[in-house]
Each structure stands twice: as C-alpha cells, then as structure tokens.
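As structure tokens, the structure follows; a few thoughts come after it.
A short reminder: the numbers here are calculations on the coordinates, not readings from a lab. Because the structure is a prediction, the values reported are computed rather than measured. Cβ: placed from backbone, ideal geometry, glycine included. Neighbour counts: every protein chain shown.
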Amino acid sequence: MNASVPPRRARLWIAALAVLLGGPALAAPATSPGTAPSTLKEAFRDDFLVGASISYPVVSGQDAVAQALVIQQFNTVTSENELKPERLLPSPGVFDFSKGDAYVEFGRKHGMFVVGHTLLWHIQTPPWLFVDAHGKPNGADAQIEQLRSYIEHVAGHYAGRVQAWDVANEVLDEDGSYRQSPWLKNVGDGDRLLREAFRFAARYAPDTELYYNDFNTETPAKRAGIVRMVKMLQAAGLRIDGIGMQGHWGIDGPSIAEIEETIDTFAALGVKVMITELDVDVLPKADDTNMPADQRLALPKDPVQRRKLDPWPQGLPAEMQQKLAKRYADLFALFHRKREAIARVTFWNVHDGASWKNDYPVQGRTNYPLLFDRQGRPKPAFDAVMAVPAQAAADK
C-alpha cells in the first residue's frame, strides 16, 4: 500500500479486497469511537441514505469490484435496468422476474432500502404495450388497462419486498408539459395517465413508497411542471411520497443555488426529496446533449476532433481530479445542509468503468463521473465527500 494513501482509504481498500478474495461480506469496516468514518453510509448515517444503481453483473458477482463496494459503502440500491418493462416483459404476456428477483434478494440480504425503477416510462418499454391485436394504437381505456395490468403484475409481485417504486419516470417535457410519449398519445390526457399510475401502484403495493423521478428538475419550467403535477395528484387524494431529482450534472453546472431552490420547492409540497441518479460529467459537451437516452453520437474518427471530445482516455489529470472533488464537496455540503428534506442520495452506477456516461451522449469515451475509479479505488472526490459532515460540524 502506497504510504501516501490516507489511512481511511487504506482501510477501505483492504476491506474491499477481502471481499474480492472470498472473505466475509462486510456491512462496513469497524470504526472505533473517535475515529473518522470509513464508508459513505457511516459518514451520513444521521443524515440520509446513500446508495447506487446496480445491474445484474453486480448482483451476480460478475462485477466483483462493484459488488464489494456496494456491500461495504451503501445502505440503499436502485435497479439500473432489471425492473424496467423491457426486461420484465420480454415477450407479450410472458413475464421474466428472474434477474429482478435476484436484485431484490441481494438488497434484502444486505439489509438495504430497495428501490424499484420504474413502472411508467417511455423508453425501454415493449412496443406491444401500445397496440392492439391488429397492431393499431390502443384507445385511451385500453391503454389504461395495459398500465393497470402491468402494474398489477410487477408491483404486486414485489409487494412487501421493495420499499419504494419510481412509479413514473421522465413524464414531463422541458417546458413542464407532458411528454408526447406513446403513453400520452394513446391516453390523450396526461393528468389521467399519472393519476391512474399512482392509483394502481398504491393498490397493488400498498406499503411501498411511491415516487416521481425526472431530470433537469432545477430548470424553472420543468420544476413548475412537476409542482403542478404533484399538487394535482394530492388534490385527487392520491399518495405521492417523494420526488427524485436526477443528478446527472456537469462539472460546472447547474449551480448550487439552482439545485437548492429546487430542493426547497419540492420539500414545501410535503414530500420526500431524493437525489436519485447522481454523477458528474467531466468531459466536454457534444453538439447535441439533449438527444433521447436510447440514442448515442459516434466518437469522431478525426484524431483532432476525437481528442476534443475524449481528452483523457489514459486517466484524469490531477487538476481535474481536484475540480471534481470540489464539485462533489459542494454538492454534498448542500445535501448535508438540507438533510431535513433529503431522504436519499443515490449514485448512478458504482465505479467509473460501469458508468453510462462513458457512452452518452457520445459512444466510447472515457469518463470519470463517480467517486470510485475503474479498479474500485476511492478517488479524491471520495475523500472530499467523506469530509463534509466533519467540516459542517467544525463550522458551527
């Protein structure tokens, strides 16, 4: 072990290595009274849950590095893909819960708060959910019945085994209006679509927390649209327990003030606020960064243009590591300050090698958006986040 590695990080890496070599699964490295916490869930145990999205390779142990980190560092997990419609319903009328069940049981085995993601979305949803036996678009009532049947099968299957569902994901457009998805086109009424989704979720998973989840929530128009939608659900007597703010943010923006305003606005609705898909993109922006999440730009073949979009394929420079650390420190200082409102902070993936930001919006880049590098080692950003609670206490 390099002598320059801080003792806390050394303990963390040794404990993770023990898991990889077949040692016992850890809840967390032991921390003696008066010593600094060595894991994220320890550092923020009095503030909010800290978690990550995980995929089947993590659950199965194929990505043993990530699995060890999840067990060690986090107390909540979100399914990255295994509980999305295209995975659970691979052919009409035939449900496959095998990998979803493995995800849920992994979380339960390790005493984690298990989040299901997601019931209503316009992407990764089989096309046959939107058409009748003749291939024609469903009418409004038929589409609502498809939604009811799907939620009955899925939320009902996991009732009592997951603690929360992202009932609806990315239903609003950037101007705060309802997104023109196949769901909306067939139903024709966005308010009805959302009311029925939350009504069915509450019926088939009565003891499960129910959330709305979206990105760009810090922009005024979209934030206002979410507020209107939540108030509409509440006025209809429907239960919505929380709002997820997808934290797919950049190294320079949005500003802390913009994020704080959104946290305050959502908390004023009387619901939980969660940071649900946190990562920090350090790479230059491509020309089109608002394309659908299921589309990607190709990395240019021209070496000059390629270098502009993918400047650090061999490793993140020290100055950028420090800039990333500062950004994460500022974000977590805000989350810690708003801990009465924030119930959970979830990273989207575990380590840099598994991040979707390596392929979105440009395929094949080398990005560094998380707290752990491709070998599962803690980065300077990890130390910066871990220092936040102690710094807050010292500043009092």
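Were the residues from S255 through R296 laid out at 0.36 nm apart, the gain over their Cα-Cα distance would be 12.1 nm. All Cα-Cα distances of the stretch 225-326, cut into 5 Å bins from zero to the largest, leave 2, 9, 15, 17, 15, 14, 10, 7, 6, 3, 1, 0 percent in each bin in turn. With N the number of residues in the chain, Rg(Cα) / (2.2 N^0.38 Å) evaluates to 0.99.
Mind pulling the angle between the C-alpha long axis of helix 318-337 and the longest principal axis of the chain? Nearest 10 degrees, somewhere in 0 to 90. Rounded to the nearest ten degrees, it is 60. Which angle from 0 to 90°, rounded to the nearest 10, does the C-alpha axis of helix 220-235 make with the longest principal axis of the chain? Approximately 60 degrees, to the nearest 10.
Exceedance of the 20 Å cut-off in Cα-Cα distance is limited, within the set K84/K379; K41/K357; K323/K357; K222/K357; K222/K272, to K84/K379; K41/K357; K222/K357.
Packing here is the average count of other Cβ atoms within 10 Å per residue, and on that basis the peptides 232-245, 303-316, 382-395, highest first, run 232-245, 382-395, 303-316.
Taking a point 7 Å out from the Cα of R337 in the direction of its Cβ, the residues of the stretch 240-261 whose backbone N falls within less than 18 Å of it are 252-261. From least to most packed, judged by other beta carbons within 10 angstrom and beginning with the fewest, W128, W165 follow the order W128, W165. Helical content of the chain, expressed as a calculated mean residue ellipticity at 222 nm, amounts to -12000 deg cm²/dmol (DSSP H runs of 4 or more residues, -39,500 (n - 2.57) each, divided by residue number, nearest 500). Between helix 98-109 and the chain there is an angle of about 50 degrees, using the helix long axis and the longest principal axis of the Cα atoms.
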